[in-house]
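**Student:** After the structure tokens below, expect a handful of questions from me.
The values are calculated or read from the model by the stated rules, or taken from the named source; none is laboratory data. Since the model is a prediction, treat every value here as computed from it, not as a measurement. For the accessible areas, the whole protein counts, side chains as well, though only heavy atoms, and no ligand, DNA or RNA atoms are used. Shrake-Rupley method; radii C 1.70, N 1.55, O 1.52, S 1.80 Å.
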Amino acid sequence: MLIPSVKYSHTLLKEIIKPGDTVVDATVGNGFDTLFLAELVGTDGTVIGFDIQAQAIETTLMKLKDTQLDKQVSLYQQGHETVSSVISKEDKIKAAIFNLGYLPKADKNIITQGPTTIQAIETLMEHLTPLGRIIIVVYYGHQGGPEEKNQVMEFVKTIPQSHFNVLSYQFINQKNQPPILLAIEKKAKVNAP
Ligand code: SAM
């Protein structure tokens, strides 16, 4: 059966993440992805999580403690565009996930924004391991969403094929703007341009 973008994002992460890996949750929110990543990397791995809202960080921290997954997770209440202040130049990232948009059941005016989303993606691309993946689930039904979607889509189309594969996945016969999943995968070997 064809699966929705959110579920497929976990399939694409599960395929590559191994115990001990370092991964990033760029939009922690209610911690759905953070917990999933923490289980995959195990106690020898690291999950680095970002969200600008205290509510998101606090809720997720509580869930992590309740499930005893907090040891391998570091959460930062700051924008994902500041990722280079948290990881060092030589650090390698196996995977990262973004869920764009607003925090469900919270202030719909606090949303991810195209320029900062793109800045974070660009930085994370520099740290990806060969065959590492950045997954972006693009919600765009909210106010400000179409602008961010267009900016991110334009950006990912310019990513050089010599170094990365870029996938777009979306149901195209569904109502109410079903989310688009974008996956950026670093190639194992760099091809000649
Ligand atoms: N993945 C989350 C989950 O499992 O619940 C849902 C994330 S929600 C769609 C988007 C989140 O991005 C919100 O919690 C919002 O506060 C956060 N956000 C907005 N701008 C951000 C930024 N510049 N850096 C990091 N997080 C940001």
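**Student:** How much of the DSSP beta bridge set in the chain is antiparallel, as a percent to the nearest 5?
**Tutor:** Antiparallel bridges make up about 45 percent of those DSSP assigns within the chain.
**Student:** Here's something else I'd like to know. Averaged per residue, what accessible area in Å² does the chain show with a 1.4 Å probe, protein chains only? Write down the numbers at each step before the final one.
**Tutor:** Working: 10200 Å² over 193 residues.
Each residue of the chain exposes 53 Å² on average to a 1.4 Å probe.
**Student:** Give me the orientation-averaged projected area of the Cα convex hull of the chain, in nm², one decimal.
**Tutor:** On the way: hull surface 44.9 nm².
Computed as one quarter of the Cα hull surface, the answer is 11.2 nm².
**Student:** While we're on this one: When only C-alpha pairs under 8 Å and at least 6 residues apart count, what is the relative contact order of the chain, in percent? Write down the numbers at each step before the final one.
**Tutor:** Details: 363 pairs, mean separation 38.4, N = 193.
In percent, rounded to a whole number, it is 20.
**Student:** Alpha carbon centre of segment 115-172 versus segment 12-67: separation in Å?
**Tutor:** First find each Cα centre; the distance between them is then 20 Å.
**Student:** Once you've got the Cα coordinates, tell me which of 65/108; 18/89; 71/92; 65/187 are over 25 Å apart.
**Tutor:** 65/108; 65/187
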